[in-house]
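See below for the structure under consideration.
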């Protein structure tokens, strides 16, 4: 591209505060300018004269940049922020008093606050970090993908063989990175599908290696869902979609069956350690039930059971209602997202949240199907940090998804007439 045009566009983008918009704005501007230049050249002008006249028609780059900066400010879904913040604040306070009664540990609230703060800071970094540059997100995703797998193996092998929840949460970050990595396989047909499956199989077998069977099941279901979406939306250009569905479903079904078989050997052993049902049977609708929770020190690892035992089933109902509101807000954001890659990232969160919610709810009700899932937005260990960061990613996709992945959007963002910006799409 001509240096004069490139300098003009860079000047415009330098005025835009939120850099995640800049990649899309840059492409749009270049298309506008090049179109004008071609039109002037078609009228018989020399190239240099055509460029100068086209830029003159566009107007002062600083004024245009300021107009774009004012127009393109992120508009966050405030309802999602509220529906997430409300249960985190309320349930963390309730859990603090419940844990304090059992253990006398007054530092629990401080630890929870630190984890929530870490999630907030990590989420802010995710939200404001510029991913819009060419290939920038792909490089970040690939490096993070490899790093998380290595860290999980090291944690399991050397330090945290019993910390299944910690490893699960780290493994459940991988589907987002997988979605970013498969950005490069568009229109590669069967070869692309094989690449996608390999990308998802590596974390699944990592989960198997570290004996994180709940993570293995979650990753398999998420990977299957993503592959189905990719085939259905013609991302790979596969002509016979039915065969593609079968090709993906057979290995996924095999992995799930093997996971169930491997877990069946430990199911009876697990049941001996589950006391949640005994506690839940003695809970009442509101207030303390007939169970002496002080005699169950391990109840701290089952936050829904703990809250129901101390405050009654009303807390369980309140949590379910809050979680449903969060899911509905995410679905609403999914419906607004026009970028296919953005949709993949959001659907990964939806499937992950719903699976964690379902299995952790059953576990806390005394049905020991799968251990290792944390209770979304309630289990105040490493999980709450990750959940906040996942919500920040959803908000990022809501604000910037169609701009970060602008090559996949058919929307015309704006037009320039007489040095003034006419916004078509925000």
### Query
Can you name every residue in region 122-138 that is in a helix (DSSP H, G or I) and surrounded by 13 or more Cβ atoms within 10 Å (Cβ to Cβ)?
122, 123, 124, 126, 127, 128, 136, 137, 138
### Query
residue 74: in contact (Cβ under 8 Å) with a residue 12 or more places away in the chain, crowded, with 16+ Cβ neighbours inside 10 Å and not in a helix (DSSP H, G or I), yes or no?
yes
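Just to be sure I understand, how many residues within region 91-104 are closer than 20 Å to residue 388 by Cβ and surrounded by 15 or more Cβ atoms within 10 Å (Cβ to Cβ)? Spell out the reasoning first.
If we filter region 91-104 for residues that are closer than 20 Å to residue 388 by Cβ, which is where we start, we get 91-96.
After this cut, where a residue has to be surrounded by 15 or more Cβ atoms within 10 Å (Cβ to Cβ) as well, the list is 91-92, 94-96.
Residues in region 91-104 being closer than 20 Å to residue 388 by Cβ and surrounded by 15 or more Cβ atoms within 10 Å (Cβ to Cβ): 5 in total.
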### Task
Please determine, by comparing only the residues of region 354-373 that are crowded, with 21+ Cβ neighbours inside 10 Å and closer than 15 Å to residue 326 by Cβ, which one is modelled with the lowest pLDDT.
360
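Among the residues of region 158-172, is there at least one that is farther than 27 Å from residue 211 by Cα and crowded, with 19+ Cβ neighbours inside 10 Å? Break it down stepwise before answering.
Taking region 158-172 first, the residues farther than 27 Å from residue 211 by Cα are none.
For region 158-172, residues farther than 27 Å from residue 211 by Cα and crowded, with 19+ Cβ neighbours inside 10 Å: absent.
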### Query
All but one of (1) surrounded by 15 or more Cβ atoms within 10 Å (Cβ to Cβ); (2) under 24 Å from the mean Cα position of the chain (by Cα) hold for residue 69; which doesn't?
(2)
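Here are 187, 183, 234: which of them is surrounded by fewer than 23 Cβ atoms within 10 Å (Cβ to Cβ), out of contact with any helix residue (DSSP H, G or I) (no Cβ under 9 Å at 6 or more places or on another chain) and either at negative phi or not in a helix (DSSP H, G or I) (or both)? Show your work before the answer.
On the way: 183 fails: out of contact with any helix residue (DSSP H, G or I) (no Cβ under 9 Å at 6 or more places or on another chain); 234 fails: out of contact with any helix residue (DSSP H, G or I) (no Cβ under 9 Å at 6 or more places or on another chain).
187 is the lone residue from the list that is surrounded by fewer than 23 Cβ atoms within 10 Å (Cβ to Cβ), out of contact with any helix residue (DSSP H, G or I) (no Cβ under 9 Å at 6 or more places or on another chain) and either at negative phi or not in a helix (DSSP H, G or I) (or both).
Conditions (1) in the same structural domain as residue 330 (by TED's automatic domain parsing); (2) assigned to a helix (DSSP H, G or I); (3) within 37 Å of the chain's Cα centre (by Cα); (4) within 30 Å of residue 391 (Cα to Cα), marked per residue:
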site	(1), (2), (3), (4)
12	no, yes, yes, no
37	no, yes, no, no
41	no, yes, no, no
106	yes, no, yes, yes
#### Entry: Residue match in region 245-260 (condition: at pLDDT below 80, assigned to a helix (DSSP H, G or I) and either surrounded by 13 or more Cβ atoms within 10 Å (Cβ to Cβ) or not assigned by TED's automatic domain parsing to the domain that holds residue 131 (or both))
yes
## Note on the structure
Subset of region 97-127, residues closer than 24 Å to residue 73 by Cβ and without any contact (Cβ under 8 Å) to a residue 60 or more places away in the chain, comes to 121, 125
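The values are calculated or read from the model by the stated rules, or taken from the named source; none is laboratory data. Quantities reported herein were computed from a predicted structural model and do not represent experimental measurements. Virtual Cβ from ideal backbone geometry, glycine too; neighbours counted across all protein chains shown.
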